[in-house]
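To start, the structure under review is shown below, and the notes come after it.
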Amino acid sequence: MTDEQKQEAADEGLTQEEIDAAEQIVEDDEKIDFADGADAEEIAKLQAEVADLKDRLLRSAAETENVRRRADKDKQDASAYAVTNFARDMLNVGDNLRRALDSQPEEVSDDMKAFVEGVAMTERELLNTMEKYGIKKIEPEVGEKFDHKFHQAMFEVPTEDHPNGSVMQVVAAGYVIKDRLLRPAMVGVAKGGAPKVDTEA
């Protein structure tokens with residue numbers, strides 16, 4: 001309080017204690033006004049900090065979700081493709097069974113028929129077991145268009161009967177596991193044939 005305000009208060013009959021109390025109230029009001037200004041600045045600072053922390057939290061949550069999804073996918077892949085290496089090794093067994101059947105003579109003697117049938121049954125059982133685990137055989141037909149995703153060209157066959165680049169001979173069947181290529185089909189492709197005309201366009 002100013003001296004004039006104190007004098008006015010004394011003239012109105014206020015005691016010294018009441019004047020001191022009034023003066024304290026004025027000082028407190030001034031402190032509150034100052035504090036209010038400081039609070040506004042502090043609030044703005046804290047709001048900016050909260051916004052930054054919120055942004056970090058959202059980014060962290062998104063990263064955690066991405067890690068979880070990747071882990072789930074890795075787990076699913078591990079489950080789906082766990083037999084890949086084993087299956088790749090078993091392909092040679094299937095190839096040898098097929099070679100044995102392909103090399104049999106046209107006329108099989110009675111004492112060898114049971115043996116040949118046993119080999120054929122073994123091959124069928126192997127293929128059925130592999131298919132149960134998502135492994136399927138790829139065996140392109142002669143004249144089929146060569147597909148670099150599933151076929152591997154081993155040699156070229158000169159011909160005029162089939163379009164250039166079409167499958168002419170299958171050396172070894174290919175295999176896929178689920179949606180992944182396990183081994184491409186080994187094929188011979190046509191060379192020198194007339195280009196295939198697309199009649200579907």
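Brief remarks on what is shown
To keep it simple, each residue is scored yes or no on (1) modelled with pLDDT under 80; (2) within 30 Å of TYR133 (Cβ to Cβ).
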{"position": "GLU17", "(1), (2)": "yes, no"}
{"position": "ALA21", "(1), (2)": "yes, no"}
{"position": "GLU30", "(1), (2)": "yes, no"}
{"position": "ASP33", "(1), (2)": "yes, no"}
{"position": "ILE43", "(1), (2)": "no, no"}
{"position": "ALA48", "(1), (2)": "no, no"}
{"position": "ALA62", "(1), (2)": "no, no"}
{"position": "ARG68", "(1), (2)": "no, yes"}
{"position": "THR84", "(1), (2)": "no, yes"}
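- When GLN152 is tested against the conditions (1) touching a residue at least 12 places away in the same chain (Cβ under 8 Å); (2) more than 15 Å from PRO184 (Cβ to Cβ), the lone failure is (2).
- Picking from residues in the stretch 121-159 that are among the polar types (S, T, N, Q) and under 28 Å from the mean Cα position of the chain (by Cα), the one that is nearest to LEU97 (Cα to Cα) is THR129.
- Going through (1) open to solvent by 100 Å² or more (accessible area, probe 1.4 Å); (2) modelled with pLDDT of 90 or more; (3) of a type outside the set (Val, Ile, Thr) one by one, GLU139 falls short only on (2).
- Sole residue being surrounded by 14 or more Cβ atoms within 10 Å (Cβ to Cβ), farther than 18 Å from LEU181 by Cα and at pLDDT below 90, chosen from GLU107, GLU144, GLU123: GLU144
- Qualifying residue in the stretch 63-83 (condition: assigned to a helix (DSSP H, G or I) and over 19 Å from the mean Cα position of the chain (by Cα)): no
- Given (1) open to solvent by 90 Å² or more (accessible area, probe 1.4 Å); (2) more than 30 Å from MET186 (Cβ to Cβ), number of the condition ARG99 does not satisfy: (2)
The values are calculated or read from the model by the stated rules, or taken from the named source; none is laboratory data. None of these values were measured; they are calculated from a predicted model. In this analysis, Cβ positions are derived from the backbone assuming ideal geometry, glycine residues included, and neighbour counts consider all displayed protein chains. For the accessible areas, the whole protein counts, side chains as well, though only heavy atoms, and no ligand, DNA or RNA atoms are used. Shrake-Rupley method; radii C 1.70, N 1.55, O 1.52, S 1.80 Å.
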